[in-house]
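Enquirer: Before we start, here is the structure in question, set down as structure tokens.
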Amino acid sequence: MGTSLVSQVIMKGWEWSLTGLLISTVGCLLIAGMAFFLKNFSLQKSDRIYLIAGSFCMIIYILTQNPWLTTIFAITADFLLAIPTFLKAMKNPLSEKTHSWIFGFLSWTLTLFISFGEGILYALWPIYLFGFNGAMIYLTFFRK
């Protein structure tokens, strides 16, 4: 998320349509920071593979500075890093059940409305996160 935020600010400057992305980036950093600070996390071998794959996507962004590649690789990196969350939600929905998915879904819905006037490049990230949060809502609130 941070990669996508930085790349879009570099390419076009700050716009209000990036507010949801900024909030999500800060939220992810706070969650990760608190997990490490409280030592309330687990790392498995598969988590390292996802982290390496996501890092590879970020290296491609740094080397290319292309907004299309940046957005596609940011989505790819985020999706790769989200796979463990999806798997955990599928196996144990209560472990990932949080109202944050609903807030994120609403935020990305609004961001979608704002970004449609900016072109498809600016709508790709909100479309992805709209789907991601929607899937997590389904997996944690409605799936039995």
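The values are calculated or read from the model by the stated rules, or taken from the named source; none is laboratory data. Because the structure is predicted, anything quoted here is derived from the model rather than measured. Reconstructed Cβ throughout: ideal geometry from the backbone, glycine too, with neighbour counts over all protein chains shown.
Enquirer: From the set of residues in region 81-95 that are assigned to a helix (DSSP H, G or I) and of a type outside the set (A, V, I, L, M), which is farthest from VAL9 (Cα to Cα)?
Expert: Residue satisfying both the conditions and the ranking: LYS91.
Enquirer: Being free of Cβ contacts under 8 Å to residues at least 40 places away in the same chain, surrounded by 15 or more Cβ atoms within 10 Å (Cβ to Cβ) and of a type in the set (A, V, I, L, M, F, W, C) is true for just one of LEU51, LEU87. Which residue is that?
Expert: LEU51
Enquirer: I've got another one for you. Would you mind stating whether ASP78 is in a helix (DSSP H, G or I), among the charged types (D, E, K, R), more than 30 Å from LYS12 (Cα to Cα) and modelled with pLDDT under 85?
Expert: no
Enquirer: Next question, about the same structure. Would you pick out the residues in region 22-48 that are of a type in the set (Ser, Thr, Tyr) and either touching a Ser or Thr at 6+ places or on another chain (Cβ under 9 Å) or surrounded by 11 or more Cβ atoms within 10 Å (Cβ to Cβ) (or both)?
Expert: SER24, THR25, SER46
Enquirer: Now a separate question. Taking the condition more than 17 Å from the chain's Cα centre (by Cα), surrounded by fewer than 20 Cβ atoms within 10 Å (Cβ to Cβ) and either within 22 Å of LEU22 (Cβ to Cβ) or of a type in the set (S, T, N, Q) (or both), does ILE72 pass?
Expert: Answer is no for this residue.
Enquirer: Enumerate the pairs (first residue in region 23-45 and over 15 Å from LEU129 (Cβ atoms); second residue anywhere and among the aliphatic types (A, V, I, L, M) and not in a loop (DSSP other than H, G, I, E, B)) with beta-carbon separation below 8 Å, excluding pairs fewer than 6 apart on the same chain, so at least 6 apart or on different chains.
Expert: ASN40/MET34; PHE41/ALA35
Enquirer: Filter region 19-47 down to residues that are farther than 15 Å from ILE75 by Cβ, part of a helix (DSSP H, G or I) and at pLDDT 80 or above, then give me how many there are.
Expert: Number satisfying all stated conditions: 15.
Enquirer: Looking only at residues in region 108-142 that are small (Gly, Ala, Ser) and modelled with pLDDT of 85 or more, which one is surrounded by the fewest Cβ atoms within 10 Å (Cβ to Cβ)?
Expert: GLY131
Enquirer: Same structure, new question: Among the candidates LEU139, LEU94, which residue alone is of a type in the set (A, V, I, L, M, F, W, C), within 19 Å of CYS28 (Cβ to Cβ) and out of contact with any Gly (no Cβ under 8 Å at 6 or more places or on another chain)?
Expert: Testing whether each residue is of a type in the set (A, V, I, L, M, F, W, C), within 19 Å of CYS28 (Cβ to Cβ) and out of contact with any Gly (no Cβ under 8 Å at 6 or more places or on another chain) leaves just LEU139.
Enquirer: For LEU112, state whether it is aliphatic (A, V, I, L, M) and either in contact with a Leu (Cβ under 8 Å, 6 or more places away or on another chain) or more than 20 Å from ILE75 (Cα to Cα) (or both).
Expert: no
Enquirer: Condition first: of a type in the set (Gly, Ala, Ser) and in a helix (DSSP H, G or I). Now tell me which residues in region 96-144 satisfy that.
Expert: Correct list: SER100, GLY104, SER107, SER115, GLY117, ALA123, GLY131, GLY134, ALA135.
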